[in-house]
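Here is the structure we will look at.
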Amino acid sequence: MTFIDYQTMRRLNWRFLRHRGVTDVLTFRYSHEPLSGEILIAPACAKRYARRHGLGYQEELARYVVHGLLHWVGHDDATPLQQRRMRALEDQLLACCGVRS
């Protein structure tokens, strides 16, 4: 897991996904090696989102870590249903870790 700055995340989001703008988490699972991959997180996004929504920065950053791990093990959030399911899993995992009640 690597924390990267806003501009780097924007550049990588375009390079690998062809999405304009910044994203909060990018996850890469390398299928050629078991248990191999990368999770890239932009803490600046967590800080901005937390401030905008009245959330704690540490909780939001922890959510990004969990979100990246869920992607890494195969979960997707491309559709509204997948997004709701993934959010519920994030909530459960964060609660188990004592990050969220």
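In the set (1) in contact with a strand residue (DSSP E or B) (Cβ under 6 Å, 6 or more places away or on another chain); (2) without any contact (Cβ under 8 Å) to a residue 60 or more places away in the chain, the condition left unmet by TYR57 is number (1).
Sub-8 Å Cβ pairs linking a first residue in segment 17-45 that is open to solvent by 90 Å² or more (accessible area, probe 1.4 Å) to a second residue that is aromatic (Phe, Trp, Tyr) and not in a loop (DSSP other than H, G, I, E, B), at least 6 apart or interchain, are ARG20/TRP14; ARG29/TRP72, ordered by first then second residue. Of all the residues in segment 72-101, those that are closer than 18 Å to PHE3 by Cβ and open to solvent by 50 Å² or more (accessible area, probe 1.4 Å) number 1. Checking the structure you have, find out if any residue of segment 39-46 is of a type in the set (A, V, I, L, M), under 12 Å from the mean Cα position of the chain (by Cα) and assigned to a loop (DSSP other than H, G, I, E, B). Yes - at least one qualifying residue is present in segment 39-46. Out of the residues in segment 56-90 that are in contact with a helix residue (DSSP H, G or I) (Cβ under 7 Å, 6 or more places away or on another chain) and either aromatic (Phe, Trp, Tyr) or not in a helix (DSSP H, G or I) (or both), which is nearest to GLU33 (Cα to Cα)? Looking at residues that are in contact with a helix residue (DSSP H, G or I) (Cβ under 7 Å, 6 or more places away or on another chain) and either aromatic (Phe, Trp, Tyr) or not in a helix (DSSP H, G or I) (or both), I get HIS75.
The values are calculated or read from the model by the stated rules, or taken from the named source; none is laboratory data. Keep in mind that what you see is a predicted model, and the values were worked out from it rather than measured. Neighbour counts run over all protein chains shown; Cβ positions are idealised from the backbone, glycine included. Keep in mind that these areas ignore ligands, DNA and RNA; they rest on the heavy atoms of the full protein, side chains included. Shrake-Rupley method; radii C 1.70, N 1.55, O 1.52, S 1.80 Å.
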